[in-house]
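Student: Have a look at this one.
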Amino acid sequence: MAEKSQVSANYSTWPVILALSIVSAPLVLMYAYLFLDTITDTAVGSLIPDSFTLRHWRFLWETLPGKPNIWLVTLNTLIFTTSVTAVIVLVSSMAGYVLSRLNVPARGFFLAGVMVLHAFPSVTLIIAIFIVLQMIGLYNSLIGVILVKAAIDLPLGIWLMKGFYDTVPWEIEMAGVVDGASRFRVWRSLVLPQVRPGIMALGLFSFLSGWSEFILPQVLAPGGKVQVLSVYLSSLIADDNNFDFGTFKAVGVFYIVPVLIVYALFHKYLMNIYGGGSKG
Amino acid sequence: MRVLLDNFSKSFGTTKVIENMTLEVGHGEMLALLGPSGCGKSTTLFAICGIHRPTGGRILFGDRDVTDLPSQARNIGVVFQSYALYPHMTVAENIGFPLKVKGMPGEDIRKEVDRISGLVHIGNLLGRRPAELSGGQQQRVALARALVRKPDVLLLDEPLANLDAKLRLEMRSEIRRIQRETGITAILVTHDQVEAMSMCDRIAIMKEGEIVQIATPAEMYNDPRTAFVAGFLGNPPITFLRGVMANGAFAIPDSEIRVPLPVSIAASEGTKLMLGVRPEHFTPAGDIAVSGKVTFAETQGRENLYDVSLDGGPLLRSIQPVRHDVNIGDAVTWAIDSKGVLVFADDGRRL
Ligand SMILES: Nc1ncnc2c1ncn2[C@@H]1O[C@H](COP(=O)(O)OP(=O)(O)OP(=O)(O)O)[C@@H](O)[C@H]1O
Ligand SMILES: [Mg+2]
């Protein structure tokens, strides 16, 4: 912050702003066109739209042929994302604490193992997971894909939370124990509030990651009843019979709007992941 | 309540920190655990509050053996060096936390918090958060939180270390006042001898995990058992002269200095000795004159402090009422008060 205001005090900022604007103009233009294309029709070969239409958004009020209902898909995505987030936040906040504080046997091994799991590309596991899920009957179910997605994202979450717990002073816990609180109570009402920024950041991160997840649901839960938005979206371009670029773009916009909202509201928490540590 | 450490030992893995320590703190007494950094003071304190399990021996509160009781069941109050206030709670919530854990109804908690915050003079700060308090105020909150549930024992781990000099002075008498008013048994961990001497009924001085001497401040100052104790107490500190026994006197080889020793000191001719001379016993008023050169002078306002390098090389320190006639480099002849000197064997034992 201090650095920034110093810069603006000593230099004029408009050349910087101008340069950044020029560089980002194509991006802005692309997003503008993405949105514009969803509500207009454009003659082939032209860049200028010639008529307004809501035709591309009709997927909102009528089910497209051969596709599941969009609201069901949205609901699935919401369930999928929130469940994944809940599992990750819950497990990470506990496991991170245990790894940071308690003297568990083979702690070093756990930490290293978790790290390796995080570095492991999950795609390489997908066939094995597919077979496992099919064997235990969770193939093509939301629960199955939720568990898999949560498990794959957990290592990062656990490490992140461990990092946050490491910054909480030991004395606070000692004070709590001496004050008569049980170990669980100490965690719940004294330590957890200190790592709230971490929990918020992790929750947000998991939400965004879950919302954009494609490959796992595509392979493990492709069925119409359990489809999520990313899979729905991809099925639109995969479908050669009723290829409709306008609808594809409209669904795309529909798909990213929640992300934009969430990001606009909570982006400052996401910074905590990189800033690290609570301010107490 | 009386606290007894009975043959207490503590080691971390293979590092033995405390071995077979026995220490008794009387009911309503305030005892200082004094010692240099790393000697095991905090370790002892944490064992008393149940955060560290002893590796040997017993800990008794009154007649109750608490060795295997967890912290939660010991009813103790602890003030940590960093205060360890709960940052997300207000002052009132911080102080009330031990009572809330006990399941006391909210109304009673408020009453107790009011009572105790009156005692430590922070009644007007109850709505603030720890981050909005000065060091001294945080200190008082920590004290209030430690006292609120009427603990059997109050433990203080270097409670004044983070305060500035003036506040330290103020909190020293504050803590002592509160301890007297509540009549609570207290153990103060510190490495500051002034703190220990001014606040406590007795001092237990520790070195490398052992208690070297335990006595009242005056006793310990006048009658230290070892050179270590003598060196630890007193500010400015004592100086030591090295010499040998010669004709019933202490003599420094290659110099004129002879200090007659009492006959009670039984040391054979030629034994190596150490003579401890406190700064107040080396002044113009003593009875054994020694000459030297002033190598360092410092005024402390009311008194002046001088380092005098004797002819043979050893150093003596002198504290005297302010005077302006002596400067660095001057040759002076002052005198040691032979009744004030402390005689130690070469290994530091007092003779
Ligand atoms: N958890 C631990 N594991 C291993 N060694 C420890 C542990 N805690 C303390 N020690 C060792 O025990 C010794 C005594 O430590 P302690 O904290 O009691 O010292 P202290 O007297 O309180 O010192 P200070 O005045 O610096 O606080 C030190 O040598 C320290 O390295
Ligand atoms: Mg300590």
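Student: State, in square angstrom and to the nearest 100, the accessible area buried between chains B and A, both chains counted, probe radius 1.4 Å.
Tutor: Numbers: alone 16190 and 16440 Å², together 30980 Å².
Accessible area lost upon association: around 1700 Å².
Student: With a 1.4 Å probe and all protein chains in place, put A:S212, B:S291, B:S9, B:S264 in order of accessible area, largest first. Each step should come with its number before you reach the end.
Tutor: Numbers: A:S212 70, B:S291 50, B:S9 20, B:S264 100 Å².
My answer, sorted largest first, is B:S264, A:S212, B:S291, B:S9.
Student: Per residue of chain A, what 222 nm ellipticity follows from adding -39500 (n - 2.57) for every DSSP H run with n ≥ 4, rounded to the nearest 500?
Tutor: Values: 11 runs with 189 residues, N = 280.
-22500 deg cm²/dmol, from helical runs alone.
Student: Where both residues lie in chain B, what percent of DSSP beta bridges are antiparallel, nearest 5?
Tutor: Values: 59 of 77 bridges.
Counting DSSP beta bridges with both partners in chain B, the antiparallel share is about 75 percent.
Student: Taking all protein chains together and a probe of 1.4 Å, list B:H191, B:H324 from the most accessible to the least accessible.
Tutor: Final ranking, largest accessible area leading: B:H324, B:H191.
Student: Please compute the contact order of chain B in relative form: average sequence separation of alpha-carbon pairs under 8 Å and at least six residues apart, divided by the residue count, as a percent.
Tutor: Values: 736 pairs, mean separation 54.1, N = 351.
RCO, chain B: 15 percent.
Student: Using the Cα gyration tensor of the protein assembly as shown, with a ≥ b ≥ c the square roots of its eigenvalues, what is the shape: rounded (a/c below 1.5), prolate (a/b larger than b/c) or oblate (neither)?
Tutor: Numbers: a/c = 3.05, a/b = 2.45, b/c = 1.25.
The shape class here is prolate.
Student: Another one. Please average, across the residues of B:85-91, the number of beta carbons from any other chain that are within 10 Å of each residue's own beta carbon, and give a whole number. Before the final figure, lay out the partial values.
Tutor: On the way: counts 4, 10, 9, 8, 3, 0, 0.
Mean partner shielding for this stretch: 5.
Student: Inside 10 Å of the C-beta atoms of B:99-105, what's the mean count of C-beta atoms belonging to other chains? Kindly include the intermediate steps, with their values, before the conclusion.
Tutor: Working: counts 2, 5, 8, 3, 1, 0, 0.
Across the residues of B:99-105, the mean count of other-chain Cβ atoms within 10 Å is 3.
Student: Then there is this: Calculate the FRET efficiency for A:V23 and B:F296 from the Cβ-Cβ distance with a Förster distance of 51 Å, rounded to the nearest 0.05. Present the calculation step by step, with values, prior to reporting the outcome.
Tutor: On the way: r = 67 Å, r/R0 = 1.31.
With a Förster radius of 51 Å, E is 0.15.
Student: Counting DSSP beta bridges in the protein assembly as shown, what percent are antiparallel, to the nearest 5?
Tutor: Working: 61 of 79 bridges.
DSSP beta bridges in the protein assembly as shown are roughly 75 percent antiparallel.
Student: Among A:M30, A:M200, A:M115, which one moves the most in a GNM of chain A with springs linking Cα atoms closer than 10 Å?
Tutor: A:M30
Student: Next up: I'd like the mean, over residues of B:72-81, of how many other protein chain beta carbons sit within 10 Å of each residue's own Cβ.
Tutor: On the way: counts 10, 1, 3, 2, 3, 2, 6, 1, 7, 1.
Neighbouring Cβ atoms belonging to other protein chains average 4 per residue here.
Student: By DSSP, what percent of the beta bridges with both residues in the stretch B:129-226 are antiparallel, rounded to the nearest 5? Spell out each step's value before the answer.
Tutor: Details: 5 of 10 bridges.
Of those bridges, close to 50 percent are antiparallel.
Student: Please compute the contact order of the stretch B:244-297 in relative form: average sequence separation of alpha-carbon pairs under 8 Å and at least six residues apart, divided by the residue count, as a percent. Intermediate values should be presented prior to the final figure.
Tutor: On the way: 42 pairs, mean separation 17.5, N = 54.
It rounds to 32 percent for the stretch B:244-297.
Student: Please state the charge dipole magnitude for the protein assembly as shown, taken about the Cα centre, from unit charges on C-beta atoms (+1 on K and R, -1 on D and E), reported in debye and rounded to the nearest 20. Could the numbers behind the result be given before it?
Tutor: Working: 55 positive and 55 negative charges, 266 e Å.
Here the size comes out at about 1280 debye.
Student: Another question, if that's okay. To test your reading of the geometry: what angle, between 0 and 90 degrees and rounded to tens, separates the Cα axis of helix A:14-39 from the longest principal axis of chain A?
Tutor: 60 degrees
Student: Then there is this: Between B:D330 and A:F120, how many nm apart are label points set 7 Å from Cα along the C-beta direction?
Tutor: Distance between label points: 8.2 nm.
Student: Looking at this model, which pairs from A:K149/A:K225; B:K41/B:K150; B:K111/B:K166; A:K162/B:K207; B:K166/B:K293; A:K67/A:K249 are more than 27 angstrom apart at the alpha-carbon? Mind showing how you got there, number by number?
Tutor: Details: A:K149/A:K225 18 Å; B:K41/B:K150 24 Å; B:K111/B:K166 32 Å; A:K162/B:K207 37 Å; B:K166/B:K293 35 Å; A:K67/A:K249 16 Å.
Beyond 27 Å between Cα atoms: B:K111/B:K166; A:K162/B:K207; B:K166/B:K293.
Student: When N counts the residues of the stretch B:3-226, how does its alpha-carbon radius of gyration compare numerically with 2.2 N^0.38 Å, as a ratio? Can you show the working numbers first?
Tutor: Values: Rg = 17.4 Å, N = 224, 2.2 N^0.38 = 17.2 Å.
It is 1.01.
Student: Provide the solvent-accessible area of B:E280, counting protein heavy atoms only and rolling a 1.4 Å probe, rounded to the nearest 10 Å².
Tutor: 80 Å²
Student: Counting each DSSP H run of 4 or more residues in chain B as -39500 (n - 2.57), what helix-only mean residue ellipticity at 222 nm follows after dividing by all residues, to the nearest 500 deg cm²/dmol? Mind dumping the intermediate values first?
Tutor: Details: 8 runs with 85 residues, N = 351.
The helix-only estimate for chain B comes to -7500 deg cm²/dmol at 222 nm.
Student: Continuing with this model, one more query. What figure, in Å² to the nearest 10, do you get for the accessible area of A:Y31 with a 1.4 Å probe and non-protein molecules left out?
Tutor: 140 Å²
Student: Ignoring ligands, DNA and RNA, how do A:D50, A:D244, B:D157 rank by accessible area with a 1.4 Å probe, largest first? Could the numbers behind the result be given before it?
Tutor: Details: A:D50 105, A:D244 40, B:D157 10 Å².
Largest accessible area first, the list is A:D50, A:D244, B:D157.
Student: Let me ask something additional. With +1 on each Lys and Arg Cβ and -1 on each Asp and Glu Cβ, and nothing else charged, work out how big the dipole of the stretch A:137-280 is about its Cα centre, in Debye to the nearest 20.
Tutor: Values: 10 positive and 9 negative charges, 79 e Å.
Dipole magnitude for the stretch A:137-280 comes out near 380 debye.
Student: In addition: When all protein chains stay in place, what accessible area (Å², nearest 10, 1.4 Å probe) is found for B:E93?
Tutor: Its heavy atoms expose roughly 100 Å² to the probe.
Student: Still on this model: When only C-alpha pairs under 8 Å and at least 6 residues apart count, what is the relative contact order of the stretch A:67-275, in percent?
Tutor: 33 percent
Student: Can you tell me the length gained on complete extension of the stretch A:K225 to A:L78, counting 0.36 nm per residue apart and subtracting the Cα distance?
Tutor: On the way: separation 147, 0.36 × 147 = 52.92 nm, distance 1.37 nm.
Length gained, A:K225 through A:L78: 51.5 nm.
Student: Starting with the highest mean, order B:326-332, A:254-260 by the number of other Cβ atoms within 10 Å, averaged over the residues of each peptide.
Tutor: Numbers: B:326-332: 12.4, A:254-260: 14.7.
The densest-packed peptide leads the list: A:254-260, B:326-332.
Student: Each label point is 7 Å from the Cα along the Cα-to-Cβ direction; what then is the distance between the points at B:D68 and B:N124, in nm?
Tutor: Here the answer is 5.2 nm between the modelled labels.
Student: For chain A, what class follows from the C-alpha gyration tensor (a ≥ b ≥ c being the square roots of its eigenvalues): rounded when a/c is under 1.5, otherwise prolate if a/b is larger than b/c, else oblate? Please report the intermediate quantities before stating the final value.
Tutor: On the way: a/c = 2.63, a/b = 1.37, b/c = 1.92.
It comes out oblate by the Cα gyration axes.
The values are calculated or read from the model by the stated rules, or taken from the named source; none is laboratory data. All values derive from a computational prediction rather than experimental measurement. Heads up, the Cβs are rebuilt from the backbone with ideal geometry, glycines too, and the neighbour counts pull from every protein chain shown. Please note that ligands, DNA and RNA were not included when accessible areas were found on the heavy atoms of the full protein model with its side chains. Shrake-Rupley method; radii C 1.70, N 1.55, O 1.52, S 1.80 Å.
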